[in-house]
Each structure stands twice: as C-alpha cells, then as structure tokens.
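Colleague: I have a structure I would like to understand better, so I am pasting it below and will then ask my questions one at a time.
Derivation of every value follows stated rules applied to the coordinates shown; laboratory data play no part. Here the structure is a predicted model, which means the values were calculated and not measured. Positions of Cβ are backbone-derived with ideal geometry, glycine not excepted, and every protein chain shown enters the neighbour counts.
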Protein chains: 2
Amino acid sequence: MDSVSLLSDMDGVNLKTKQKRTAGQKHGDLRIELLREGLALLDTQGVEGVTIRAVARNTGVAHSAPANHFPTKQALLTAIAAVVFANLADLTVKAITGLSDKPEQAIQAFAETCFQFAFDTPNRYQLLWQRQLIDQDDPVIAKEMERVYSALLSLLRQDHANHRVDIETDAIAIWSMIHGYISMRLDGNLVAAKDTVTNLPRHKAILLSLIDGIYHRDS
Amino acid sequence: MDSVSLLSDMDGVNLKTKQKRTAGQKHGDLRIELLREGLALLDTQGVEGVTIRAVARNTGVAHSAPANHFPTKQALLTAIAAVVFANLADLTVKAITGLSDKPEQAIQAFAETCFQFAFDTPNRYQLLWQRQLIDQDDPVIAKEMERVYSALLSLLRQDHANHRVDIETDAIAIWSMIHGYISMRLDGNLVAAKDTVTNLPRHKAILLSLIDGIYHRDS
DNA sequence: CTCAATAAACTGACACTGTCCATTTTAACG
DNA sequence: CGTTAAAATGGACAGTGTCAGTTTATTGAG
C-alpha cells in the first residue's frame, strides 16, 4: 500500500528518469513532494485540511510555490485524486487477475477490495467522488475510473452461459450496491450502520450474496 | 413542493404563532429568511455558494447578523439540511401511505420518490450526506433520518409471509442500491451514466426489479 | 568559463471567508 | 417613561485562493 511508489508513474511522467532539474528549479521534486504532503494531510485531516498553503508550509516552500505545478486548488486535488484512483484501479485489477475462469469469486474479490480500500483509507475514497472539488473530466481521472469500471464489466462479459442482455446496467447495479453501502457507512448514516464491529461483517456477507444474486439473475 | 411552507414547523418552532417580535428584533423573521435564502443559494450555486456572508448579503443584513440565529456555519448548514431532510421524509412517508397492504408497490414508490427528489433537487440531496459540513448528531437531523429509515423498515416488517431473518440488513441493502445509484449519477461518475435521457429510465427499471428481488429473496 | 535565458520559487498584495468583539439599536415590559 | 435584554451593526483578525512583480538558480549557448 505504498502510495509513494505510485506517485512515480503518474500523469504519464516517469519521475524516476527525471534526474536533471529544469531551469530555476531549486527544490528536488517539489511536485511529487506536494502530492505526498497532500496525501498525508488528506489522510490525517480529511479533504478540508488539504489547503495549498498548508501543503506548501509542510513542504517548506512559499505559499505560492505550488502554483508553478498546480495552477489552481482544483488541479492539486485532481492530481491527488488521480494518484488515489490509480491506486484503487491497481488493487482491483490485481484482485481479479487469475480468477478469469471463476467469475463469481472474481466479483467477490472486486467488491472485497473496494470495501477494504474504503475502510482503510476513508478520506481517500471519499475524495474520488467529490465532483465540486476535482475535475472529473481530467484525462487521468477518466482513464483510471474507466479501468475500475471495465474491470467489473469484463467479469460480467465472461459469463457466456448466461444470456445477459444489459451488462452495463448489471455492472451499474453491482457498483451502486458497493458504492452505496460504503458511502452510507463513511458518511455515518443509518443507525444500524454505526456499530462497525458486529454489523460490518454481517452486512458485507449479505451484500456479497446479493451481488452474487445480481450476477446470476436471468434478465 | 413548497419548501417555504416546510420552514414554518421546523426545529419544533411554530413560527406561524410567533407574531410578536422578541426584544431587539428589527427584522421580521430573519432566521426563516436566512434559511430561505440559504436554500435558494444551495439550489442555484451548490453548497459551495452557501456562505454566511452571501446569505446575509442577499437578505440585506450585516454579515454578522446570522450569528444570532446560527452560531456557526455548520449550524446554518445543519438547519438547512434539517429542512431538506424533513421534506424528503414527508415525501417518502406520503408516497407509501395507503399501500400498506401492497408492500412491493410501496417499496417501488419509496424508491421512486427518492429518485425524483434527488434528480429534481440534486444539491439538496447531496447536502444531506456531507458529514463534514453538517452535524449528523443534530436531533432534528437524526429524527428525520430515522423517519425515512423506519418508513422503509416498516414495509419489510409487514411481510409476514416471508421468513425474513435480518430486516435491517435487507433495508440497508435496498437503501445502498438506491443511494448508491443516485450518488453515482449526481457525482457524474461512470461513463454509461452520463446519457441521462436514454439510460435513466432503463437503469431505474432494472434497479427497481433488483430491489424487488431483494425483497423477495429467501434469506 | 562567462553570461544571458528561463522556469522555479519568493515576497507582497487583494478579495473573500468564518468568527470574534465592542457598540448601537430596537422592541417588550415593569 | 426608563430599563433591559436580545438583535443587529461595524470593525477587526487570521486564514484562504489567486494574482502580480521580483529574485534566484540552473541550463545551455557563446
């Protein structure tokens, strides 16, 4: 779960090979340090704590230094979200690899990965879906979102036996269930959802069985 | 769908009977006007546009006047959310009344009401679940949230024929599906969800049939 | 090696926000 | 009518995002 290593191949820029500094660059890799600090603030204080000035302060640069790498706050949050999204995409894709001949297990693994990611790093998960904070049309965001989505789609497509008519809607239904439960829980809604220890395993079990039901339904 | 009328009996204060002004009160019903203006800003500019100073400006009072009625911004947003939540609770309860002997239809009506409310007034719906903006432990919020939740629960409890073992989890699953799809759509996620006109009716139909499946499942 | 070019980083400023404070205004009541 | 207490005011403060002008450091050409 080393998010730092993920930073290195984000945005199509391989920072490992970028050893030379560009003109005027006094700081080593300010862009990546800002992202790292932004992730730290996100984890510890939530998205409210991720301010341009705080990120700059914790990195030890002037308050306007980030502007050279992220023209606006939305750009900074979008870049952070891109890292997080890539992380989630990697995890889900990894979870279902090798299970291509067992679609049911693969879907369970997909859902389980989402649950784990969301409950391990709730602030990261929540950032991904805040439309007013990040640029959802950002190409990297779109790409990584598509990776997660198509991972789920591919599982449904493999179901040759079933005469499935509307794969996309099935995927949306499955994802609605997963995402809905996670959102509800992270937002602290529903009285029954407050007791995490005893309820979470039971809820997860039922949700997984319901998802399996969606998968096996004959439309 | 007159939200203004709803303002009158919120927070246990019946403002209709409160004709006399209290000491020092120069403005007619500033508290209610602030709420009304807050709702207007929420609808037109989203939650980001709801600032204490903007609400005060549009109401024609000093920037610090709202502090007498809402000590903090979270209190203002919480009061707005309480109005919205009460509205949603009223709509859902109203939608299922008279359908107590037809649980399937009632659940469909419940879901349909949530869909309609969310797509008619997306900013209001989204405000309800922003934990970091509103005080989820507010008694009015909790009460109205409970009203929505117990409305759904009552429908599942009426199903005497079915040997349902875990009503709460079924309710959570149904609500996860509804809330998950709505959130996904309002956040603009998933490529397939972008074409509203053609996809929304189809998605809704399938989701409703899936919800029906949850209702009829034998645990 | 020298030095202009250039991108990065810095300092300063502006408008805006939420919140606190002291002050003034206003309506109700003895 | 005067007292009183709540409401509303204006000012101030720290914090924010963003913009502008300036300085600095690195690069690469002469």
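Colleague: What ³J(HN,Hα) values, in whole Hz, does the Karplus curve 6.51 cos²θ - 1.76 cosθ + 1.60 give for region A:172-181 when θ = phi - 60°, with x put for Gly and Pro?
Modeller: The phi angles translate into 5, 5, 4, 5, 4, 5, 4, 5, x, 5 Hz.
Colleague: Describe numerically, in nm with one decimal, the distance between label points set 7 Å from Cα along Cα→Cβ at residue B:143 and at residue B:43.
Modeller: Between residue B:143 and residue B:43, the simple spin-label model gives 2.5 nm.
Colleague: Starting from one equal scatterer on each C-alpha and no solvent at all, send me the Debye-based log10 I(q)/I(0) for region B:64-219 at q = 0.10, 0.12, 0.20 Å⁻¹, two decimals.
Modeller: Debye output, listed in q order: -0.40, -0.57, -1.29.
Colleague: Can you list the HN-Hα couplings for region B:204-212, worked out from phi with the Karplus curve (6.51, -1.76, 1.60; θ = phi - 60°), rounded to whole Hz and with x for Gly and Pro?
Modeller: Working through the residues one at a time gives 4, 4, 5, 4, 5, 5, 5, 4, 4 Hz.
Colleague: Between copies, how close do the residue B:139 label points come, placed 7 Å along Cα→Cβ, listed in nm from shortest?
Modeller: 5.6
Colleague: Sticking with this structure for a sec: Would you mind checking which residues have amide H under 5 Å from residue A:135's amide H? H placed 1.01 Å from N; only 5 or more apart, or other chain.
Modeller: Excluding prolines and chain starts, which carry no amide H, the hits are A:78.
Colleague: Taking a 29 Å limit on the Cα-Cα distance, which of the listed pairs A:102/A:143; B:73/B:143; A:94/B:204; A:204/B:204 fall beyond it?
Modeller: Violating the 29 Å Cα-Cα cut-off are A:94/B:204.
Colleague: Once the dipole of region B:73-216 is set up with Lys and Arg at +1 and Asp and Glu at -1 on Cβ about the Cα centre, which of B:80, B:132, B:189 lies farthest towards its positive end?
Modeller: It is B:189.
Colleague: Okay, moving on. If R0 is 56 Å, what FRET efficiency do you get for residue A:119 and residue B:62 from their C-beta distance, rounded to 0.05?
Modeller: On the way: r = 45 Å, r/R0 = 0.80.
After rounding to 0.05, the efficiency reads 0.80.
Colleague: Still on this structure, I have one more. Hey, for residue A:209 with labels 7 Å out along Cα-Cβ, what do the inter-copy distances come to in nm, ordered shortest first?
Modeller: Listed shortest first, these distances are 2.4 nm.
Colleague: Please sort A:180-188, B:95-103, B:51-59 by packing, taking for each peptide the average over its residues of neighbouring beta carbons within 10 angstrom, highest first. Mind showing how you got there, number by number?
Modeller: On the way: A:180-188: 20.9, B:95-103: 15.0, B:51-59: 17.1.
Sorting A:180-188, B:95-103, B:51-59 by mean packing, highest first, produces A:180-188, B:51-59, B:95-103.
Colleague: Here's a follow-up. Using the Karplus equation 6.51 cos²θ - 1.76 cosθ + 1.60 (θ = phi - 60°), what ³J(HN,Hα) coupling, rounded to whole Hz, does each residue of region B:62-73 give in order, writing x for Gly and Pro?
Modeller: 5, 5, 9, 5, x, 4, 5, 9, 10, x, 9, 5
Colleague: I need the inter-copy label distances for residue A:67: point set 7 Å along Cα to C-beta, values in nm with one decimal, smallest first.
Modeller: Those separations, rounded to one decimal, come out as 3.1 nm.
Colleague: Now, a different point. If you wrap a convex hull around the Cα atoms of region B:94-172, how much volume per residue is inside, in Å³?
Modeller: Hull volume over Cα atoms, normalised by residue count, gives 103 Å³.
Colleague: Residue of A with Cβ nearest the axis relating A to B, plus distance in whole Å?
Modeller: Value returned for chain A: A:180, 1.
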